[in-house]
Amino acid sequence: MLLILRSLILAIMLVLAFVFGCLFCLIRPRHRNNVHMFAKIFSWAAPVLGIKVIVRKPKKEASEPCIFLANHQNNFDMFTHTAAVPKGTVSLGKKSLAWIPFFGQMYWLSGNILIDRKNRSRAFETMANTARKIKEKCLSIWIFPEGTRSRGKGLLPFKSGAFHTAIEAGVAMVPVLASNQEHIRLNRWNNGVVIIEVMDPIETKGLAKSQVKELSTRIHGLMSDKLAQLNQEAQALMAKPAV
């Protein structure tokens, strides 16, 4: 019964959000703060799913455009990670998203960037244009560097595109980790805690393209360690008896 009720409520919320989003974006197409606004709307669904999202940000947040590197676990990222998306940020997503009814149209109209990963030359061209947009439009980019959902398998290897773009644009990279979400079930009343932590910015100024692999490896190690820490903390919080 809970599964049916929750699925129905979630479906209604999403349809309303998509319709409102498409109409709003026709009035204010590809505005730099559209994605932040819609991210907040999607994050409101977390309590409906029985998820308590805890967002932590560093004392010294990035004051300039940057590239956010977020771990990608499953579809629940849409309701958890979105709580941490700041203003002036758009995401980079695969081109096939544009064909999803309502969501795809809103995704593009809100200002997000679509990349054709199957076409290598076009993908490189998109990343070069992304670096230019960061500079010209003072935009931050939200990227899932794993390129696919990890589905509880930890942090998968990173694609290199985000790191090439950061070095070319000369902007910092900001890791964002969400603790494990594999325990979330629509038919479970209490889906526990998901901790989202925005880590300190990692500068790329002065780095050469030849250092992409080294940078990627270093950040992957930092994010893997942080993810393990957050998973342990989230499990401890969920193990505490309700007061």
**Item:** Cα centre as origin, Lys/Arg/Asp/Glu Cβ charges: the range 2-238 dipole, Debye
**Value:** 420 debye
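Can you say what percent of the DSSP beta bridges in the range 2-238, counting only those with both residues inside, are antiparallel? Round to 5.
The antiparallel proportion sits near 15 percent.
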**Request:** Work out which helices of the chain, taken as complete DSSP H runs, extend at least 20 Å along their axis over the Cα atoms and score a mean Kyte-Doolittle of 0.5 or more, then list them.
**Result:** 2-27
**Item:** Förster-model FRET efficiency, 30 Å R0, N129 and R188, C-beta, rounded to 0.05
**Value:** 0.10
**Cα→Cβ-extended label distance, 7 Å offset, between M78 and E214, nm** = 4.1 nm
**Complete:** tail above 30 Å in the computed P(r) of the range 2-238, as % of all Cα-Cα pairs, reads 23 percent
**Complete:** Sorting N180, C25, L222 by the position of each Cα along the dipole of the range 2-238 (Lys, Arg +1; Asp, Glu -1; all at Cβ), the one nearest the positive end of that ordering is C25
**Request:** Would you mind checking K60/K153; K57/K153; K133/K159 for any pair whose Cα atoms are more than 27 angstrom apart?
**Result:** K60/K153
**Asked** Using helices alone, what [θ] at 222 nm do you get for the chain, with -39,500 (n - 2.57) per DSSP H run of 4 or more residues, divided over all residues and rounded to the nearest 500?
**Response** -14000 deg cm²/dmol
**Asked** Most exposed first by the Cβ proxy, i.e. fewest other Cβ within 10 Å, how do I41, I134, I67, I195 rank?
**Response** I41, I195, I134, I67
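Taken together, the values in this text are just the output of simple stated rules run on the coordinates, not laboratory data. Values in this document were obtained by computation on a predicted structure and should not be read as measured data. Backbone-built Cβ (ideal geometry, glycine too); neighbour counts: all protein chains shown.
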